[in-house]
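Heads up, the thing below is written out as structure tokens.
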Amino acid sequence: MKYALVVIGASTGGLQALRTVLSTLPATFPLPIVVVQHRQPVTSDALRFVLQQGCALQVREAVDKQPIEPGNLYLAPVGYHLLVDGDHFALSTEDPVLFAQPSIDVLFESASESFGARTIGVILTGSSEDGARGLAAIRRHEGVALVECPAQAHAGTMPEAAKRAARDAVELALEEIGPHLLELGLKQ
């Protein structure tokens, strides 16, 4: 099966978790990656710059109507929900979901609607339940669901909630997630 997209959600402790996962992926990784990292509104590109260090993929903030292209890592902008709409992005200013804007659930649900079984969803560390409903949607559409091991996560609430919602999600140690994504991506 050819996968089309990787979506990753992270919150508390997510910066280090994302850096660990992304550092293992080569510039030739064949799938686009879209990330929601819960963060406070800021005026700088700090997250993008920090993630670009040690990440071989091009890191950029997603823009409304932007085409989704392989070889790129897209970040959800602060203050907007990021949706996958076919082969491009859409931004929304709808109310926060579980106090989050951007919301992991919104991204994951829209990705599963656009790409179905070709979607790979990953839930990393976090202290809310955002992402659980979205990961369950990915599984309903027969996509791949991965969660960071809650017992080893900086904050295990989010991956634990995702495991309850998507009971057959694959639980991996943080260090195993990047290599597993690479393995799935190479099955293209």
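What to note about this one:
- Residue in segment 161-188 that is surrounded by the fewest Cβ atoms within 10 Å (Cβ to Cβ), counting only those that are without any contact (Cβ under 8 Å) to a residue 12 or more places away in the chain and assigned to a helix (DSSP H, G or I): Glu183
- All positions within segment 1-37 that are hydrophobic (A, V, I, L, M, F, W, C) and within 10 Å of the chain's Cα centre (by Cα): Leu5, Val6, Val7, Ile8, Ala10, Leu18, Ile33, Val34, Val35, Val36
- Filtered residue count, segment 78-107, keeping only those that are out of contact with any Leu (no Cβ under 7 Å at 6 or more places or on another chain) and either assigned to a loop (DSSP other than H, G, I, E, B) or modelled with pLDDT under 90 (or both): 14
- Exactly one residue out of Ala132, Ala90 is farther than 21 Å from Glu160 by Cβ and of a type in the set (Gly, Ala, Ser), and it is Ala90.
The values are calculated or read from the model by the stated rules, or taken from the named source; none is laboratory data. As the structure is a computational prediction, the values presented were derived from the model and not from experiment. With ideal geometry, Cβ positions are generated from the backbone for all residues, glycine too; neighbour counts draw on all protein chains shown.
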